[in-house]
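A.B. asks: Here it is: the structure, laid out below.
Read the figures in this text as sums done on the coordinates, not as results from a lab. Keep in mind it's a predicted model, so treat the numbers as computed, not measured. Reconstructed Cβ throughout: ideal geometry from the backbone, glycine too, with neighbour counts over all protein chains shown.
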Amino acid sequence: MNLDFESDWLRLREPLDEAARAVGLAWAFGRVLPAHPMIIDLGAGTGSNVRQLAMKLGRGEQDWTLIEKDRKLLAKAPGEIGRWADRNGWEHKEQRRAYMITCDDMAVRVEMRSFDLAQDPAELGLNQYDGITAKALFDLVSLPWLDRFVKELASCGFPPLLVTLTVDGRVEFSIADEDDGFVLDLFHTHMGRAKGLGGPALGPAAPQALANALTGAGYKVETAQADWKIGPKQIAAHLAMIAGYEKAAKEQDPGNSARIAAWADRRRTLASEQGARLMVGHQDLLAKR
Ligand SMILES: C[S@@+](CC[C@H](N)C(=O)[O-])C[C@H]1O[C@@H](n2cnc3c(N)ncnc32)[C@H](O)[C@@H]1O
């Protein structure tokens, strides 16, 4: 599950993220960028945001910087980006410490930068960028981190920001189980554990906290739901989610491990044999001046 952000999990969730994305906000972000924008992606993993956004931002020339603290994930980014380019029939090559993707109407340069976002945000050099993106990151940050980050945005002239796939706490199974609420409450409490970004993680409170902080600083903010809709065709992702809920809930309440394991067994049966569906609520947000 997404607690250790292994590349397999990121690969599994990438199509769910793509299908969930509020495309209108991505296009609107593209419209406020200049020609040949410089974009910085925070908590980039293996570069999923480049793969999902490059074609929605007006194509042309784009310069991306991927910020990621996990060097193993970052090292996988060129391979994942290369496979994406291959699937689209585009040329790609490494060039001067960056990765280049080219086709008739698009030239995307991607630079990888190992960086821990726990550091002073001033070190990101945000004023060099025309736009900032982040996907599935902001539920990991704390309120003090968010406040410091938003102050940094203000001091850099309020660059536009596209923050997507932030968990908002809504979870619905199409076939209910009596212990869904019990396990999900434990899971969401567990999400609040500190992730090394300034204190307790915001978890499902992140979308509202982010919108409040940005509007308070003077941004105009638009939000849209970007929910994962996991059906029988996404059974691997569904089973991974159940495993993640189970693991976190047991860590949160070890005394109830047997009850949680029984819930997970029933949910696996409902998913595998009865075609149960799962909706996981997320929010996308666009902030601009
Ligand atoms: C849920 S993953 C999303 C990855 C990617 N944005 C995607 O959508 O596939 C969260 C990412 O944030 C990164 N991350 C977490 N804490 C970080 C930190 N302190 N500094 C930089 N990256 C961090 C993780 O390593 C992970 O790659």
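A.B. asks: In nm, give the distance between the simple-model label positions of residue 114 and residue 18, each being 7 Å from the Cα along the Cα-to-Cβ direction.
C.D. replies: 2.9 nm
A.B. asks: Mind checking the full-extension length gain between residue 87 and residue 6? Use 0.36 nm per residue of separation minus the Cα-Cα distance, one decimal, nm. It would help to have the intermediate numbers written out before the result.
C.D. replies: Values: separation 81, 0.36 × 81 = 29.16 nm, distance 2.28 nm.
Difference between extended and current length: 26.9 nm.
A.B. asks: Pick from 87, 113, 11 the residue whose mean-square fluctuation is largest in a GNM of the chain, springs joining Cα atoms under 10 Å.
C.D. replies: 87
A.B. asks: I've got another one for you. Whole-Hz ³J(HN,Hα) for each residue in the range 253-265, computed from phi via Karplus 6.51 cos²θ - 1.76 cosθ + 1.60 with θ = phi - 60°, x for glycine and proline: what do you get?
C.D. replies: Values per residue, Gly and Pro as x: 9, x, x, 10, 4, 5, 5, 5, 5, 5, 4, 5, 4 Hz.
A.B. asks: On to the next question. Could you give each residue of the range 68-73 its phi-based ³J(HN,Hα) in whole Hz, using Karplus coefficients 6.51, -1.76, 1.60 with θ = phi - 60°, and x for Gly or Pro?
C.D. replies: For the range 68-73, the Karplus-derived couplings read 7, 8, 7, 4, 5, 5 Hz, x marking Gly and Pro.
A.B. asks: Looking at the chain as a GNM with Cα springs under 10 Å, which of 160, 204, 254 has the largest mean-square fluctuation?
C.D. replies: Result for the chain, Cα springs under 10 Å: 254 fluctuates most.
A.B. asks: Hey, rough spin-label estimate for residue 147 and residue 185, points 7 angstrom out along Cα→Cβ, what's it come to in nanometres?
C.D. replies: In this crude spin-label approximation the distance works out to 3.0 nm.
A.B. asks: Something else now. Looking only at the chain, where both bridge partners belong to it, what percent of the DSSP beta bridges are antiparallel (to the nearest 5)? Provide the component values of the computation, followed by the final result.
C.D. replies: Working: 28 of 50 bridges.
Bridges in the chain are about 55 percent antiparallel.
A.B. asks: While we're on this one: Taking just the alpha-carbon atoms of the range 18-89, what radius of gyration and Dmax come out, in angstrom?
C.D. replies: Radius of gyration, then largest Cα-Cα span, for the range 18-89: 12.4, 33 Å.
A.B. asks: Quick one: which residues, 5+ away or cross-chain, put their amide H under 5 Å from the amide H of residue 133? H built at 1.01 Å from N.
C.D. replies: Here 40, 41, 42, 162 satisfy the definition.
A.B. asks: Pairs of alpha-carbon atoms within less than 8 angstrom and 6+ residues apart define the contacts here; what relative contact order does the chain have, in percent?
C.D. replies: Values: 559 pairs, mean separation 63.1, N = 289.
Normalised by residue count, the contact order of the chain is 22 percent.
A.B. asks: Right, next: Which of the peptides 127-136, 191-200 is most tightly packed, and how do the rest follow, going by the mean number of other Cβ atoms within 10 Å of each residue?
C.D. replies: Values: 127-136: 20.5, 191-200: 16.9.
The packing order, highest mean first, is 127-136, 191-200.
A.B. asks: Hey, another quick one. Specify, per residue and in Å³, the volume enclosed by the convex hull of the alpha carbon atoms belonging to the chain.
C.D. replies: Per-residue hull volume (Cα only) is 121 Å³.
A.B. asks: Compute, for the range 159-289, the length of the dipole vector about the Cα centre, with Cβ point charges of +1 (Lys, Arg) and -1 (Asp, Glu) only. Units Debye, rounded to 20.
C.D. replies: Details: 15 positive and 15 negative charges, 103 e Å.
I would put it at about 500 debye.
A.B. asks: Please name whichever of 92, 44, 10 sits farthest to the positive end of the charge dipole of the chain, dipole taken about the Cα centre and charges placed at Cβ: Lys and Arg +1, Asp and Glu -1.
C.D. replies: Ranked along the dipole, the leading option is 92.
A.B. asks: Just the C-alpha atoms of the range 32-185: what Rg/Rh do they give, with Rh taken as the Kirkwood radius?
C.D. replies: Looking at the range 32-185, the ratio lands at 1.03.
A.B. asks: Pick out which of 201, 107, 226 has the largest mean-square fluctuation in a Gaussian network model of the chain, springs linking Cα atoms closer than 10 Å.
C.D. replies: 107
A.B. asks: To continue, here is another question. Between residue 235 and residue 105, 0.36 nm times their residue separation minus their Cα-Cα distance comes to what?
C.D. replies: 43.1 nm
A.B. asks: Rounded to whole Hz and in sequence order, give me ³J(HN,Hα) for the range 78-86 from the Karplus expression 6.51 cos²θ - 1.76 cosθ + 1.60, θ = phi - 60°, writing x for Gly and Pro.
C.D. replies: Going residue by residue, I get x, x, 5, 5, x, 5, 4, 5, 4 Hz, with x marking Gly and Pro.
A.B. asks: Helix-derived [θ] at 222 nm for the chain: sum -39500 (n - 2.57) over DSSP H runs of at least 4, divide by residue count, nearest 500?
C.D. replies: Values: 9 runs with 120 residues, N = 289.
Roughly -13000 deg cm²/dmol at 222 nm, from the helical runs in the chain.
A.B. asks: Dipole of the chain, Cα-centred, from +1 at each Lys and Arg C-beta and -1 at each Asp and Glu C-beta, to the nearest 20 debye? Intermediate results must be reported in sequence, preceding the final value.
C.D. replies: Working: 36 positive and 40 negative charges, 84 e Å.
Using only the charged Cβ atoms, the result is roughly 400 debye.
A.B. asks: Shifting gears a bit: Using mean Cβ contacts within 10 Å as the protection proxy, how do 255-262, 32-39, 164-171, 90-97 order, highest first? It would help to have the intermediate numbers written out before the result.
C.D. replies: Numbers: 255-262: 13.9, 32-39: 15.9, 164-171: 22.2, 90-97: 11.8.
Descending packing order for the listed peptides: 164-171, 32-39, 255-262, 90-97.
A.B. asks: Please list, in chain and number order, the residues 5+ apart from residue 168 or on another chain whose amide H is under 5 Å from its amide H, with Hs placed from the backbone.
C.D. replies: Amide H neighbours of residue 168: 281, 282, 283.
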